[in-house]
1. Please state which one of SER220, SER190 is hydroxyl-bearing (Ser, Thr, Tyr) and surrounded by fewer than 12 Cβ atoms within 10 Å (Cβ to Cβ).
2. Looking at the range 223-249, which of the residues that are closer than 17 Å to ILE179 by Cβ and among the basic types (Lys, Arg) is most open to solvent (accessible area, probe 1.4 Å)?
3. Can you name the condition, by its number, that ASP86 falls short on among (1) open to solvent by less than 20 Å² (accessible area, probe 1.4 Å); (2) over 25 Å from HIS121 (Cα atoms); (3) acidic (Asp, Glu)?
4. What single numbered condition from (1) open to solvent by 10 Å² or more (accessible area, probe 1.4 Å); (2) farther than 22 Å from GLY96 by Cβ; (3) touching a helix residue (DSSP H, G or I) at 6+ places or on another chain (Cβ under 8 Å) fails to hold for GLY55?
5. What pairs come up if the first residue lies in the range 132-159 and is under 26 Å from THR39 (Cβ atoms), the second is at pLDDT 90 or above and open to solvent by 60 Å² or more (accessible area, probe 1.4 Å), and their beta carbons are under 8 Å apart, counting only those six or more places apart or on different chains?
6. Hey, could you check the range 1-23 for residues that are part of a loop (DSSP other than H, G, I, E, B) and closer than 11 Å to LEU61 by Cα and say which is least open to solvent (accessible area, probe 1.4 Å)?
7. Give the range 24-62 a look and list any residue that's under 19 Å from ILE135 (Cα atoms) and part of a loop (DSSP other than H, G, I, E, B), or say none.
8. Cβ-Cβ under 6 Å, sequence separation 6+ or interchain: first residue in the range 58-69 and within 13 Å of PHE98 (Cβ to Cβ), partner open to solvent by less than 20 Å² (accessible area, probe 1.4 Å) and not in a strand (DSSP E or B). Which pairs?
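The values are calculated or read from the model by the stated rules, or taken from the named source; none is laboratory data. From a predicted model like this one, the values you see are computed outputs, not experimental measurements. Glycine gets a Cβ as well: all are built from the backbone with ideal geometry, and neighbour counts include every protein chain shown. Surface areas here come from the heavy atoms of the whole protein model, side chains and all, with no ligands, DNA or RNA. Shrake-Rupley method; radii C 1.70, N 1.55, O 1.52, S 1.80 Å.
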Amino acid sequence: MIALPQSALSTRSHERLSARYGFIPTTEIVDAFSREGWTLTSANEAKVRHQSRQGLQRHLLRFAHESQLQLGIKERIETILINSHDGTSSLQIGAGIFRMACANGIVIADNTVASIRLGHHKLNMDTVLNSAHTILGQAGKVTEVVERWMGTQISEEDAFHLAEQGIKLRWPEAESRPITARVALAVNRSADAHNDLWTTFNRVQENIIRGGQSDLTRISPRGKHFRATRSVKSLAENVRLNKGLWEIASQFAQ
């Protein structure tokens, strides 16, 4: 049983929002999704700086539809819901992939499956459910992309370039990059010791976002070794990096 974060349990919107704001409790969306065959697989929320937003902030929920759970495959397509009750974001529904091997949650970039953004001023449950079914209907397209990536062998040079671009995405300043491409491409399990695009992308995604990597070849501006990388905790940053990495990897499948 996945526990919902406080913000997803809210029964009100932020007091500064007008009466035109269409408030739908996230709990009602979860219940509606459940009736339509979706199972909640994970849930988390963003951190807030202002106390007035606590319990109303952006939250991200991932769902697996029964049609995906019945497939029994290593990678399943998931439906991602992003919502807030403080007026900081629209309700967004998109696609993701859950990879069994490393329990990684991948967010698919809009260049493969466009996310649907719903403004709260005209929000209703029918629109939310129709949007979720629209995203689910793209599962076949996502599967085709994954299979194409699996069948695409990439050179060592291209793998290093992919990793370098991923590192740059997370650490834009060259002097602040704690790891090199070699570490970002590290194999964490025997099943990932392959050179196809899908496996290479997943190694880079896991190593850059999950953290725990050390690289003794990198020296900080202070003349010391960098500490082991930290996992990405920010909800918005996690989504940004996932989508960015997907876009980068897409360039190698042309």
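1. Values: SER220 fails: surrounded by fewer than 12 Cβ atoms within 10 Å (Cβ to Cβ).
Residue meeting the stated conditions: SER190.
2. ARG227
3. Among (1) open to solvent by less than 20 Å² (accessible area, probe 1.4 Å); (2) over 25 Å from HIS121 (Cα atoms); (3) acidic (Asp, Glu), ASP86 violates only (2).
4. The one condition GLY55 does not meet is (1).
5. Within 8 Å, the pairs are ALA132/GLU36; HIS133/GLU36.
6. To start, the set of residues in the range 1-23 that are part of a loop (DSSP other than H, G, I, E, B) comprises 1-5, 10-23.
Still in the list and also closer than 11 Å to LEU61 by Cα: 2-5.
Numbers: ILE2: 65, ALA3: 80, LEU4: 43, PRO5: 19 Å².
The selected residue is PRO5.
7. Result: GLU36, GLY37.
8. Once the first residue is within 13 Å of PHE98 (Cβ to Cβ) and sits in the range 58-69, its partners that are open to solvent by less than 20 Å² (accessible area, probe 1.4 Å) and not in a strand (DSSP E or B) give PHE63/PHE33; HIS65/GLY37.
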